[in-house]
């Protein structure tokens, strides 16, 4: 049954690698006024869908920079996610910059406008709020579970709010709209050893598992040096083998493997 | 006395704008395993010296990406600051990538090696630790107040550790070695108003102070919407005027200006 076994082969094919880039738009992050947490949330959320963030950029609220960054990065990754700059004030310029990058006009989304008008306001205030209804022509909406104005998607670019709670209420709605790729699993083990004490043996494990990404993350806690050793990769079957080798090298270096976590 | 008044003019010249870019090197930030805090610390520390971060990039531990990023960004800013990838293990490749970007060999710094050898270790472990003594030929050292291996500087690129406490113990030593530029001051005022309620009047203040950077940062706290309005700029003399206008527009919108902070 060659047709069937071909089909079985196709089904058994591992999902491809799906990549993303995050663009964080906001002077307040670059000035240090605000500590960004959106990248970390996006990394965890997208990672669980098998979408790997390969790069992140933090850029200022400068139209030319935003447009050029979108044009440069758009072709390089499967998906682009932006946060910030879609509120109602003069410094919220992301929507118009995305429209410029795609060479399309900015139009009012009736669907967003309806949602905005649900909360009554005097005309001048409503006019400002309706700025949030402007999207590039051809964009589709990203729902916003807070009930506030939606984000939008055009091409491979997903435009979301900068306020963490609102960004989270948007990105979590995207799961079904994005291609899910090979999920990168990780397992980690900790030892109260300095990085140097395991560096050579750890590098040898990396050489034996070239498709895995082995990293060591030292820390200093309770007056002791320790290292978290992390194995990341998509092949769950061989991960336990790699972990066993890492645990063995910890023991060989005089340490005790502790706190094994699979994620 | 034309010569003297020329000289006085020269002295009175405001400091120039000094710019920087931060490159955060590390898979663990992109995977979401680690929440970056180095950008925020750098922004505040450099900001106090009048060095403005204009861009930040988070990139993976991939040699080609690191080298290309350095080559691309190096010419665009007065200073480049990197964090991460200078430990003793196989995934610590920043030093060799910086050497490649500058087209110079990697050499062992005797000064770093001396510090590393102060803590005795068996030969294999010492060999790994001595990886941290490798710097591009021609680099100068950045001290490390923790007593651990130093970072280094070559050209306008400053290479520092990724562990926040160590990065901080390095960057704080740089104050005297960097050009201090015009310090961007900020003042902020909070009101329990939605952004839309002040958007038009706030934009008008921005138009009257084009050299200032006015931003509004909405929040939702204790069941109330509020907005922080921030004025940033180098001209301290006119900042109070701009603040007075912002306070007046808050009052005109029916709000109460609260929590004025100058930084």
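The values are calculated or read from the model by the stated rules, or taken from the named source; none is laboratory data. The structure displayed is predicted, hence computed values, not measured ones. Methodologically, a virtual Cβ is constructed for each residue, glycine included, from the backbone with ideal geometry; neighbour enumeration extends over all protein chains shown.
Numerical summary
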quantity: Selected residue [away from every other protein chain (no Cβ under 14 Å), surrounded by fewer than 19 Cβ atoms within 10 Å (Cβ to Cβ) and within 13 Å of residue A:23 (Cα to Cα)] from A:98, A:67; calculated: A:67
quantity: Residue under evaluation residue B:92, criteria (1) surrounded by fewer than 21 Cβ atoms within 10 Å (Cβ to Cβ); (2) more than 8 Å from chain A (Cβ to nearest Cβ), criterion not met; calculated: (1)
quantity: Any hit, region A:213-228, residues being at positive phi and more than 7 Å from every other protein chain (Cβ to nearest Cβ); calculated: yes
quantity: Qualifying residues in region A:131-152 (those that are facing another protein chain (nearest Cβ under 9 Å) and touching a residue at least 24 places away in the same chain (Cβ under 8 Å)) - the one surrounded by the most Cβ atoms within 10 Å (Cβ to Cβ); calculated: A:132
quantity: Restricting region B:218-233 to residues that are buried (at least 18 other Cβ atoms within 10 Å of the Cβ) and out of contact with any helix residue (DSSP H, G or I) (no Cβ under 6 Å at 6 or more places or on another chain), the residue that is nearest to residue A:122 (Cα to Cα); calculated: B:226
quantity: Residue in region B:153-172 that is over 18 Å from the mean Cα position of the chain (by Cα), within 15 Å of residue B:82 (Cα to Cα) and buried (at least 17 other Cβ atoms within 10 Å of the Cβ) present; calculated: no
quantity: Residue list for region A:159-177, restricted to those being away from chain B (no Cβ under 14 Å) and touching a helix residue (DSSP H, G or I) at 6+ places or on another chain (Cβ under 8 Å); calculated: A:159, A:160, A:172
quantity: Answer residue from region A:35-64, given it is within 23 Å of residue B:46 (Cα to Cα) and surrounded by fewer than 21 Cβ atoms within 10 Å (Cβ to Cβ) and is farthest from the other protein chains (Cβ to nearest Cβ) among those; calculated: A:62
quantity: Qualifying position, being without any contact (Cβ under 8 Å) to a residue 60 or more places away in the chain, in the same structural domain as residue B:173 (by TED's automatic domain parsing) and under 28 Å from residue B:177 (Cα atoms), among B:53, B:29, B:24; calculated: B:53
quantity: Qualifying residue in region B:180-198 (condition: more than 12 Å from chain A (Cβ to nearest Cβ), in a loop (DSSP other than H, G, I, E, B), within 21 Å of the chain's Cα centre (by Cα) and buried (at least 20 other Cβ atoms within 10 Å of the Cβ)); calculated: yes
quantity: Single unsatisfied condition, residue B:84 versus (1) within 27 Å of residue B:116 (Cβ to Cβ); (2) at the interface with chain A (Cβ under 8 Å from one of its Cβ atoms); calculated: (2)
quantity: Residue, surrounded by the fewest Cβ atoms within 10 Å (Cβ to Cβ), within region A:199-212, restricted to residues that are in contact with a strand residue (DSSP E or B) (Cβ under 9 Å, 6 or more places away or on another chain) and more than 8 Å from every other protein chain (Cβ to nearest Cβ); calculated: A:211
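Residue-by-condition table, conditions (1) in contact (Cβ under 8 Å) with a residue 40 or more places away in the chain; (2) assigned to a strand (DSSP E or B); (3) within 26 Å of the chain's Cα centre (by Cα); (4) within 27 Å of residue B:63 (Cα to Cα):
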residue	(1), (2), (3), (4)
A:211	no, no, yes, yes
A:214	no, yes, yes, yes
A:229	yes, yes, yes, yes
A:247	yes, no, no, no
A:251	no, no, no, no
